[in-house]
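Taking it in order: structure first as structure tokens, then the write-up.
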Amino acid sequence: MNSTRVILAKRPVGEPDDGCFAFEDRETRPLENEQILIKVLWLSLDPYMRGRMNDIQSYAEATKLGQVMMGETAGVVVDSKSTAYRVGDYVTAYTGWQTAFVADAGNPRVRPVDLNNGTLSAHLGVIGMPGRTAYWGLLEVGKPKAGEIGRAS
């Protein structure tokens, strides 16, 4: 299967522009045992990605020039040599901006999606990493207590 990958071509100064990215087409590699081929249907674009475009010390490693831009995707399994995933299963994966890719079925960054919990795209938002960040940020950092109210300053 052909895959288009979005590569970080140069570091942005200020707001990123088209010149910061390059497109690369390549065939996905053949599957080995316990691997799956995923066709990407949705891509998450999150604020943290801008910081990863800079080559500075941060909580997350910077994207290297020539590397696929990092980000979470949601897609469907289109080929499988895995006992864990069947063709037609939906997954999310933290594998970057590309239209298709081969992944190890046991990779913890590849997660099955239950569409009974929400749409596939919702698994990149409210049910996905941004939603989990907000939920745990509220409960573990904010630690709201009964009777507290927010107040604008």
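The values are calculated or read from the model by the stated rules, or taken from the named source; none is laboratory data. What you see is a predicted model; the values in this text were computed from it and never measured. For neighbour counting, all protein chains shown are included, and Cβ atoms are generated from backbone atoms with ideal geometry for every residue, glycine included. We work out accessible area using only protein heavy atoms, side chains counted, and drop any ligands, DNA or RNA first. Shrake-Rupley method; radii C 1.70, N 1.55, O 1.52, S 1.80 Å.
Quick notes on this structure:
- Average 1/r across all pairs of distinct alpha carbons in the stretch 1-80, invert it, and you get the Kirkwood radius: 14.3 Å.
- Taking the Kirkwood radius as Rh and the Cα radius of gyration as Rg, the stretch 80-134 has a ratio of Rg/Rh equal to 0.96.
- Given +1 at the Cβ of Lys and Arg, -1 at the Cβ of Asp and Glu and no other charges, the dipole of the stretch 105-152 around its Cα centre is 120 debye to the nearest 20.
- Simple rule: put +1 on each Lys or Arg Cβ and -1 on each Asp or Glu Cβ in the stretch 9-153, find the dipole, and look at G88, Q67, N107; the Cα lying farthest toward the positive end is N107.
- Approximating the spin labels as points 7 Å out from Cα along Cα→Cβ, the V78-to-N107 distance works out to 1.6 nm.
- Ellipticity estimate at 222 nm from DSSP helix runs (n ≥ 4, -39,500 (n - 2.57)) divided over the chain, nearest 500: -2000 deg cm²/dmol
- Solvent-accessible surface of the chain, averaged per residue with a 1.4 angstrom probe and all protein chains in place: 63 square angstrom.
- With every protein chain in place, the chain: carbon and sulfur % of accessible area (1.4 Å): 54 percent
- For the Cα trace of the chain, dividing Rg by the Kirkwood Rh returns an Rg/Rh value of 1.04.
- Overall shape of the stretch 53-111 was characterised from the C-alpha gyration tensor. The equivalent ellipsoid obtained from it has semi-axes of 27, 11, 9 Å, in decreasing order.
- Estimated FRET transfer efficiency (T4, A146; beta-carbon r; R0 35 Å; 0.05): 0.10
- Residue separation of D55 and T119 scaled by 0.36 nm, minus their Cα-Cα distance, works out to 19.6 nm of gained length.
- Contour excess over end-to-end distance, with Cα ends at V87 and L31 and 0.36 nm allotted per residue: 18.8 nm
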